[in-house]
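Shown next, in structure tokens, is the structure this report addresses.
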Amino acid sequence: MADPAAPPQATATAVPPAFITDLTETGEIDWTDRKVKLFDMSFLGKRFGTNKDFPANGINKDLAQRLVRAQTALYALAYQDKVDDLAAAGQPAPAALTEAEFRVWCWTGQQPGDVNQVAQVDLHVGIKDKKNPNSKHASGSALDINVFANPYMPVRDGSGTLGGEIHSSPKDAAKKPIFDAPTLRKLHEDKLWRPAMVIFDRASMLYEGVPADLHPDLNGANAADMYKRFRTASYCIESYFRFAFNPVRSKINPLQKTFAEFKTEILNELSDGFIDPKAVHIDGTPLVPAISGPNPDPTLQAFYDQIVADYAFFKMPIVSGSVVIGADGSVSLPGNAQRDPCNAVFNVRQEVFMEMVKIQKLRWGGTMFGKDSGDTMHFDLNGHFIDGEQVPFKKT
Ligand SMILES: [Zn+2]
């Protein structure tokens, strides 16, 4: 692969079609004491969903214009790919890509689907958070993409400090939070973030021989490094869970593989050289010698059982919605549909990420929120913008 810091430049002249450049004004919303016009658009071949709390949907013009610039560059890359493919078959350059072709290109290689299943990628989320006007979403200055495959997950800085999404404390009879902020944070560390990091590390050691590197980073110039670290961790965790489970949307039943299937797959990966010599078993001892010997089954059975337990747990640190915290400090999943650990935690194509973060200088929630980063679906203007100007947030 070429240097990911420098996206390849297209050489064919690709005039971007209307679906790349057109914005559709959907109406106006109130934000603090201001009015903001919102726009829907096709971005990466997908549109914005609606939100019942707002009369209009989409994003503000400042963000929309940056997305147009990002996907104009992406379109040129996608067009060049098609030109090259056709040239290899002795055919002339196409007039243009269709929106559907561009959509497939943008989501190729990403979960939850393969190129034939891009319809499974969610509509983008733009305007939301009516009750929290300081959210960048509330002024149309943020978007979430492919939300079901890009969770708000835990992160860990170089000194081991954990962070991530903070869920609400349960309330007492007087509607006062039962846990103060430090207690609530500690609860997240102990019950969600640290156990999730143990799983990230187990999966990362299995393939890479090093713990997962999921540290926050405010500097968008490091976009290539951010992408590589999070995508590597995501691939590792995806492969780890897929040893014992089929992805939910594959519609393969039963989802859980048998021990015999697991054993065949992991021993195949071992003999193919994919399992790192530094991989560790669940008790911290070296994994490879234990499963390379004449009697691998006890070790393999324990490893399989651990993946099964980890799969059930891992839905909580990548929750869709909010983890339910009990008055006794227990944590559980809410009742809505939950993410599939087999789809891992970061599913954005590299060229798309580089255009958004490095070139258009959007802030990525995955690393650029400070210590509570991990919001891999989220990109914003790092401020509230109206008509080309940054507007300070004012409580009304
Ligand atoms: Zn967001």
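The numbers here are math on the coordinates, done by the rules we state, and not lab data. Remember, it's a predicted structure, so these values are computed and weren't measured experimentally. Ideal geometry is used to build each Cβ from the backbone, glycine not excepted, and the neighbour counts take in all protein chains shown.
Between Gly140, Gly45, Gly329, the residue with the greatest mean-square fluctuation in the GNM of the chain (Cα pairs under 10 Å linked by springs) is Gly329.
Rounded to two decimals, the Cα radius of gyration of region 340-394 over 2.2 N^0.38 Å is 1.33. Taking 25 Å as the cut-off for C-alpha to C-alpha distance, list the pairs among Lys61/Lys130; Lys228/Lys257; Lys191/Lys361; Lys315/Lys371; Lys61/Lys315; Lys131/Lys176 that go past it. With Cα atoms farther than 25 Å apart: Lys228/Lys257; Lys191/Lys361; Lys61/Lys315. For region 135-238, trypsin sites (Lys or Arg not before Pro) are listed when DSSP marks them as loop and at most 10 other Cβ atoms sit within 10 Å of their Cβ; the list is Lys175.
For region 115-188, the orientation-averaged shadow of the C-alpha convex hull comes to 8.1 nm² (one quarter of the hull surface).
Sum -39500 (n - 2.57) across every DSSP H segment of at least 4 residues in the chain, then divide by the residue count to get the 222 nm mean residue ellipticity, nearest 500.
Taking each H run of at least 4 residues, the total per residue is -10000 deg cm²/dmol.
Estimated from the Cβ-Cβ distance and a Förster radius of 41 angstrom, the FRET efficiency linking Lys278 and Thr21 is about 0.25.
State which helices in the chain qualify, where a helix is a whole DSSP H run, it must extend 30 Å or more along its own axis by its Cα atoms, and its mean Kyte-Doolittle hydropathy must be at least 1.0.
none
Could you tell me how many cubic angstrom of Cα convex hull volume region 239-396 has per residue? Enclosed volume per residue, from the Cα hull, is 215 Å³.
Cross-link partners of Lys82 among lysines, defined as those whose alpha carbon lies under 23 angstrom from its own and excluding same-chain residues fewer than eight positions apart: Lys46.
About its Cα centre, the dipole of the chain is roughly 1100 debye, where the only charges are +1 on Lys and Arg Cβ and -1 on Asp and Glu Cβ. Computed from the C-beta positions of Ser330 and Gln306 and an R0 of 22 Å, the FRET efficiency is 0.50 to the nearest 0.05.
May I ask for the Rg/Rh ratio of region 20-123, computed from Cα atoms with Rh as the Kirkwood radius, given to two decimals? Could the numbers behind the result be given before it?
On the way: Rg = 16.6 Å, Rh = 15.4 Å.
Dividing the radius of gyration by the Kirkwood radius yields 1.08.
In loop segments of region 293-356 as defined by DSSP, the trypsin sites (Lys or Arg not before Pro) with at most 16 further C-beta atoms inside 10 Å of their C-beta are Lys315.
Using the Cβ-Cβ distance between Phe393 and Ala119 with R0 set to 35 Å, the FRET efficiency from 1/(1 + (r/R0)^6) comes to roughly 0.40.
Extension gain for the segment Gln350 to Ala181, taken as residue separation times 0.36 nm less the Cα-Cα distance, is 57.2 nm to one decimal. Take the Cα radius of gyration of the chain and divide it by 2.2 N^0.38 Å, N being the number of residues; the result is 1.05.
What order do you get for Ile307, Ile291, Ile237 when you list them from fewest to most C-beta neighbours inside 10 Å?
By the 10 Å Cβ count, ascending, the order reads Ile291, Ile307, Ile237.
For the pair region 148-200 / region 72-94, the C-alpha centres are spaced 46 Å from each other. The lysines within cross-link reach of Lys263, meaning a Cα-to-Cα straight distance under 20 Å and a gap of 8 or more places when in the same chain, are Lys278. Taking all C-alpha pairs of region 155-343, those more than 21 Å from each other amount to 57 percent.
Label-to-label distance, Ser322 versus Glu269, with points set 7 angstrom from Cα along the beta-carbon direction: 3.6 nm. Note on region 39-192: Cα-Cα pairs beyond 20 Å make up 65% of the total pair count.
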